[in-house]
Amino acid sequence: MSEFKLTIPAGSTFVKDFSYRDDNDRCNDLTGYGARMQMRRQYADQSPAYSFTMGDGLSIVEDTDAVTFAGGMVVLRSHTLVAGEPIKFATTGALPTGLTPGTTYYVIDASMTPDSFKVSATPAGSPVVFTETGNGYNTLSTVAKSVVRLSIPAPVTATMFSIYVYDIELVAGNGDVISFVYGSIQIRPEATK
């Protein structure tokens, strides 16, 4: 369980992603899990001041990072991906020839470094060969859902004030609950009116 102090500007939309990773900094798959969050003025309060649930402020999504392409490699600085991990690409322009947006590819060992790797169309298959760099803004997403996204809309933050304590819990399909994140949230008053 991790602790985070958050500051939210009053009256603004607030979005924060919390990545659920194991001891080796690899994404844990949260497919099939739900999430819930409660905010209280203090931990001893019986009733929460605000509650958020799946679809109402919380969602579980794929982990997404910006990538580039060079020398037939996918470049992602300080990545924690492992051989065999399924990933997908997206772009605002064009991926290098040989890669298709939305298609599942697999990270392979061939020439993997802490900052780059090759991909295959099948687990442990031959590398996809490409020489160009593509264009546009390119992203990589894990196929596994490993990020809990908190999204509080502006009309809600406009009604908040002061400091709250919070916790986010993950709820498995069988009802088991995992304490995930906790901490404090400070609502920063709006200076301009």
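Coordinate-derived values only; no laboratory data. Here the structure is a predicted model, which is why all the values come from computation and not from measurement. Glycine gets a Cβ as well: all are built from the backbone with ideal geometry, and neighbour counts include every protein chain shown.
Over all directions, the projected convex hull of the C-alpha atoms in the range 91-161 averages 7.6 nm² in area.
Of all the options Thr80, Thr104, Thr142, the one that moves most in a Gaussian network model of the chain with Cα springs shorter than 10 angstrom is Thr80. All Cα-Cα distances of the range 3-111, cut into 5 Å bins from zero to the largest, leave 2, 8, 14, 18, 16, 13, 11, 8, 5, 3, 1, 0 percent in each bin in turn.
Only helices enter the 222 nm calculation for the chain: every DSSP H run of n ≥ 4 contributes -39,500 (n - 2.57), and dividing by all residues gives -500 deg cm²/dmol, rounded to 500. Given their separation in residues at 0.36 nm each and the Cα-Cα distance between them, Phe4 and Asp45 gain 12.8 nm when the chain is fully extended. Rg of the Cα atoms in the range 139-193, relative to 2.2 N^0.38 Å, amounts to 1.55. Listed by chain and number, the aspartates and glutamates placed with their C-alpha closer than 18 angstrom to that of Lys118 are Asp65, Glu85, Asp109, Glu132; residues fewer than eight positions away on the same chain are left out. Other residues with beta-carbon under 10 Å from the beta-carbon of Val165 carry, at +1 per Lys or Arg and -1 per Asp or Glu, a net charge of 0.
Based on the Kirkwood approach, the hydrodynamic radius assigned to the chain is 18.7 Å, with every pair of different Cα atoms included. Multiplying the residue separation of Ala124 and Thr13 by 0.36 nm and subtracting their alpha-carbon distance yields 35.7 nm. Under the criterion of Cα pairs below 8 Å and six or more residues apart, the relative contact order for the range 15-167 equals 34 percent.
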